[in-house]
Amino acid sequence: MTVRTRFAPSPTGYLHVGGARTALFSWLYARKHGGTFILRIEDTDLERSSAESVDAILQGMTWLGLEYDEGPFYQTQRFPRYKEVIQDMLKAGQAYHCFCSKERLEQLRSEQMARKEKPRYDGKCRHGVANPPADVSPVVRFKNPLDGAVTVEDLIRGRVVFQSSELDDLIIARGDGTPTYNFTVVVDDMDMNITHVIRGDDHLNNTPRQMNMLKALGRTPPVYAHVPMILGADGARLSKRHGAVSVMQYRDDGFLPEALLNYLVRLGWSHGDQEIFSIDEMVKLFDVTQVHSSAAAFNPEKLLWLNQHYIKNSDPKHIAHHLSYHLGKFGIDPTSGPDLLEVIQVQRERAKTLVEMAQNSVFFYKDFEAYDTKDAASHLKPEAEKPLILLRERLTALSLWEAQAIHEAVAGVAEALGLKLGKIAQPVRVAIAGRAVSPPIDVTLALVGRDKTLKRLDAALEYIRNQTVVA
RNA sequence: GCUCCCAUCGUCUAGUGGCCUAGGACGCUGGCCUCUCACGCCGGUAACAGGGGUUCGAAUCCCCUUGGGAGCGCCA
């Protein structure tokens, strides 16, 4: 039997980290077992579903690299099929029309709550309705078995038993004939021959009902694996309005997709003490049965650390691809300055995100507007004038514009004036980068280029003289 | 309220009855390195929720308590 897994989001918002993690787990499971990964869009809630959300989800999946083998399938395009199954079930006596009004159901619910009972449908219409009111279009309910128990052999939770008496006759078709979630899931998982359902554990309580429907339809239920929710930093469940940001937001914040994936796979799962997993390693080592059954809190600092790790260790060409996007946001065309790969080489150890790296690299490509106020105040002072003038001379005289020679020139000036290297490097840094932070001064100047370096040195000297006059 | 799930450092986790005076990672922190910022290196901080059992022996098994989470929709 070939493994077939699916990710089935409802398009009522973007793809957030929780969804991304269950998608990743499903994807890994399929990849590991040489199976098929299916994407299914559960858009039966016409009110809340939107095409923009579908696009956002697809975009998120693409950015993460979770490619699907089949789909996306849309439930809204399968309505005829759902209707057909509903008719079959009605005919077989496995489902029935219910004419109970919403008001009655609401009252029933509050009465049960008042009696400290679990609210559920009382089965009023289960055995037929003598005089069906002509003015109400009935819903269709599934006839749940009255006794016995349903056992879920969950890959993560182990055995979970539900008494049938806890389950009521759920609605499978609304008054307008459209099918409801628990029913479409069953039909789709059946029709798509899903073998392993890996989903959030908020669905664990739905599972026995889905299994009962599957049984009524004469099918063996798939294997289930309910993965725990992700909690926010405060321990509360991560939700769209509570810290669960879109995966695309992580792209815009300068994260690499592999960093997010690595972070997500380690949330609730581990392989000894290993922290870093390439995609191939994940596929090889990930085992859904070893996923923790307890919820895990999302820790932004660790994600940041992983991102930094991937920035430091990935192929510069790969970084360049993602960094270009962020450079573009700063209005920079990476081909208009020093070789981007060389810039990455010198910046990769000093950035936790690509946004940070882009920000710190702007000065290589564009002249800055103004010096950092504090840095200029502490480094572009009158005493810096002499060393800068001397350095300018030596740099001008350099026959070869490369880091080694530049380093010797800077060190030479320091020595000639009896200064520590920092006394000259810092003013130069502010002059060239606009602030007191940059890669080593020699490689920085080498990359900025002689013309720009000399021009910025002149600007700095002028700045110092003006300050002096004012003072 | 009822049903279901869960419980090791602040966080992610190792641990599946003796290897545990509980290991790793992030964070925080002391030091080294140093032209800035970083990187790196060395060190430190900090946990088995509580109580009962079972056992020669329990973080590991059982029960209770407490604490978290989910579900109980003509939402998905």
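Note on region A:173-323: Cα Rg divided by 2.2 N^0.38 Å, N the number of residues, gives 1.29. Measuring nothing but protein heavy atoms, the accessible surface of chain A at 1.4 Å probe radius is 51 percent carbon and sulfur.
Taking chain A, the Cys residues with no second Cys beta-carbon under 4.7 angstrom are A:Cys100. Distance between the 7 Å Cα→Cβ label points at A:Asp372 and A:Ala416: 2.8 nm. In region A:279-380, which trypsin sites (Lys or Arg not before Pro) fall in coil by DSSP and have 16 or fewer other Cβ atoms within 10 Å? Passing both the DSSP loop test and the Cβ count: A:Lys366.
Once the other residues with Cβ under 14 Å from the Cβ of A:Arg266 are scored (Lys, Arg +1; Asp, Glu -1), what is the net sum? Spelling it out: positives minus negatives among the neighbours equals -4. Size descriptors for chain A: radius of gyration and Dmax over Cα atoms are 31.7, 108 Å.
For GluC sites (Glu not before Pro), the sites in region A:47-97 that DSSP calls loop and that have at most 13 other Cβ atoms within 10 Å are A:Glu47, A:Glu67. Overall, region A:1-141 carries a charge dipole of about 680 debye about its Cα centre when +1 sits on the Cβ of Lys and Arg and -1 on the Cβ of Asp and Glu, all other atoms neutral.
Extension gain for A:Arg159 to A:Gln467 (0.36 nm times residue separation, less C-alpha to C-alpha distance): 103.2 nm. Here r is the Cβ-Cβ distance between A:Gln249 and A:Arg48 and R0 is 30 Å; the resulting FRET efficiency, rounded to 0.05, is 0.90.
Between A:Leu108 and A:Glu342, full extension at 0.36 nm per residue minus the direct alpha carbon distance yields a gain of 77.2 nm. Put a plus charge on the Cβ of each Lys and Arg, a minus charge on the Cβ of each Asp and Glu, and nothing anywhere else: the dipole of chain A about its Cα centre is then about 760 debye. Where a ≥ b ≥ c are the square roots of the eigenvalues of the C-alpha gyration tensor, would you call region A:1-40 rounded, which needs a/c under 1.5, or, failing that, prolate if a/b is larger than b/c, or oblate? Judged from the Cα gyration tensor, region A:1-40 comes out oblate (a/c at least 1.5, b/c at or above a/b).
If the chain linking A:Lys91 and A:Asp280 were pulled fully straight, counting 0.36 nm for each residue of separation and taking away their Cα-Cα distance, it would gain 63.1 nm. Annotation: amide H of A:Ile41 within the under-5 Å range of A:Phe73, A:Tyr74, A:Gln75, sequence separation 5 or more or interchain, hydrogens built in the peptide plane.
A dipole drawn for region A:331-378 from +1 and -1 charges on Cβ atoms has a positive end, and of A:Thr353, A:Phe364, A:Ala376 the residue lying farthest that way is A:Thr353. Average 1/r across all pairs of distinct alpha carbons in region A:129-178, invert it, and you get the Kirkwood radius: 13.5 Å. For the residue pairs A:Lys32/A:Lys118; A:Lys32/A:Lys143; A:Lys381/A:Lys455; A:Lys124/A:Lys215; A:Lys83/A:Lys284, alpha carbon separations beyond 30 Å are given by A:Lys32/A:Lys118; A:Lys32/A:Lys143; A:Lys83/A:Lys284. Here region A:296-398 is treated with +1 on each Lys and Arg Cβ and -1 on each Asp and Glu Cβ, and its dipole about the Cα centre works out to around 220 debye. Oblate is the label for region A:243-323. Its Cα gyration tensor axes, ordered a ≥ b ≥ c, give a/c of at least 1.5 and b/c at or above a/b.
Placing unit charges on each Cβ (+1 for Lys and Arg, -1 for Asp and Glu) gives region A:160-292 a dipole about its Cα centre, and among A:Ala259, A:Gln290, A:Pro179 the Cα reaching farthest toward its positive end belongs to A:Pro179. In the full protein context, chain A carries 48 Å² of accessible surface per residue, based on a 1.4 Å probe and ignoring ligands, DNA and RNA.
Each of A:Ala297 and A:Glu393 was given a label point 7 Å from its Cα along the Cα-to-Cβ line. The distance between the two points is 6.2 nm.
The values are calculated or read from the model by the stated rules, or taken from the named source; none is laboratory data. For clarity, every value in this text was computed on a predicted model and none was experimentally measured. We place every Cβ from the backbone using ideal geometry, glycine too, and count neighbours over all the protein chains shown. The accessibility values were calculated without ligands, DNA or RNA, using every heavy atom of the protein model including side chains. Shrake-Rupley method; radii C 1.70, N 1.55, O 1.52, S 1.80 Å.
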